[in-house]
Amino acid sequence: MTTTGRYHGGLVFYGYAENPLDQFSRIVSATLEDYGHPVERQTIQGGKTAVVLTSQYKVNLELEDLGNMNCGQAVPSYEDQIQRIAIEFTPVLPGREDRDITELMMVVLLYRMVDICDAEQVEWMDPDTALPIDEFLGAFSHISPRRVRGRQEILDQHGQRFADVDETAPDLMEHYDTILGQVPHSGEVGLIDLTQEETLALAFRVGPHPTELSPDQEEAASDIRRLATWGMTGMVVFLSAPVAVSLAAVNLVRGEDFRLNTHVLSLTGLLVMLQSSGALASVVNYLP
């Protein structure tokens, strides 16, 4: 590390079929994101330089062509070209950054770059300190495998930090029940088996269950029942005024009872019909 507070890293590698600067920029962004530094801007300028900016770091990348290994070929292939990528970490507040974490991020992103290209040597903290690949990998072999992910994982995952809600919800419910000391349904997960009686009750049910009614539906049903009750009381008036007066008094005192009004209307209608047909008088004559 130089006295200016900059951290240098570099990689000398053989030709890369795709755009190497774009791939290396994505590796830098993924590494910064993994260590809690959200990337605010990532730009590539002219295909040779790139800048990745966070709130605490500015990372400059510079791609350089070093020539061709086989100069005798008329049309050299990209595999024979030697290129160099220079990486420079610049803290926004020099001296206040965590040096160990910064150097660890440099190691991790160099590991990831070596994984996607045919690297020859690595520059560590100084352009003049060039390490062969074997020495570099051996010197930092203590790095956790979890911190050094493969190429495909880096390029395919875009900030997916949290699991899906549907996957975590059952586990959260189990933890909650464990804390409370309750295990519903004997710890079984899935649909609840109904008894034959419950299955028949659900099959033959016409209307919704009372617990499924909303407050507005319950209020509307109550108003309709009261209106029907007083309608039957009015019908009793045409059959028997004294009975209707008694029924109205009961409705006012005890509240509208739909079942009671139904029974009174049926019984009153039956008696009026029997009386009008003379059957009621014949039955009374047979009484002792």
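The values are calculated or read from the model by the stated rules, or taken from the named source; none is laboratory data. The shown structure was predicted, so the numbers you read here are calculated from the model rather than taken from an experiment. With ideal geometry, Cβ positions are generated from the backbone for all residues, glycine too; neighbour counts draw on all protein chains shown. Heads up: the accessible areas ignore ligands, DNA and RNA and are worked out on the full protein's heavy atoms, side chains in. Shrake-Rupley method; radii C 1.70, N 1.55, O 1.52, S 1.80 Å.
Quick look at the numbers
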{"quantity": "Residue selected from the range 247-272 under the condition in a loop (DSSP other than H, G, I, E, B) and surrounded by 11 or more Cβ atoms within 10 Å (Cβ to Cβ), by the criterion modelled with the lowest pLDDT", "calculated": "Glu256"}
{"quantity": "Residue in the range 125-137 that is under 23 Å from Asp34 (Cα atoms) and within 40 Å of the chain's Cα centre (by Cα) present", "calculated": "yes"}
{"quantity": "Residues satisfying the stated conditions in the range 26-41, i.e. without any contact (Cβ under 8 Å) to a residue 24 or more places away in the chain and crowded, with 18+ Cβ neighbours inside 10 Å", "calculated": "Ser29, His37, Val39"}
{"quantity": "Qualifying residue in the range 127-138 (condition: modelled with pLDDT of 85 or more, closer than 20 Å to Gln23 by Cα and either open to solvent by 60 Å² or more (accessible area, probe 1.4 Å) or hydrophobic (A, V, I, L, M, F, W, C) (or both))", "calculated": "yes"}
{"quantity": "Test: residue in the range 50-65 that is surrounded by fewer than 19 Cβ atoms within 10 Å (Cβ to Cβ) and at pLDDT below 90", "calculated": "yes"}
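Results for (1) crowded, with 19+ Cβ neighbours inside 10 Å; (2) modelled with pLDDT under 90, shown as yes or no for each residue.
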position: Ala74; (1), (2): no, yes
position: Ser77; (1), (2): no, yes
position: Arg84; (1), (2): no, no
position: Pro91; (1), (2): no, no
position: Gly95; (1), (2): no, yes
position: Ile101; (1), (2): no, no
position: Val108; (1), (2): yes, no
position: Arg112; (1), (2): yes, no
position: Glu123; (1), (2): yes, no
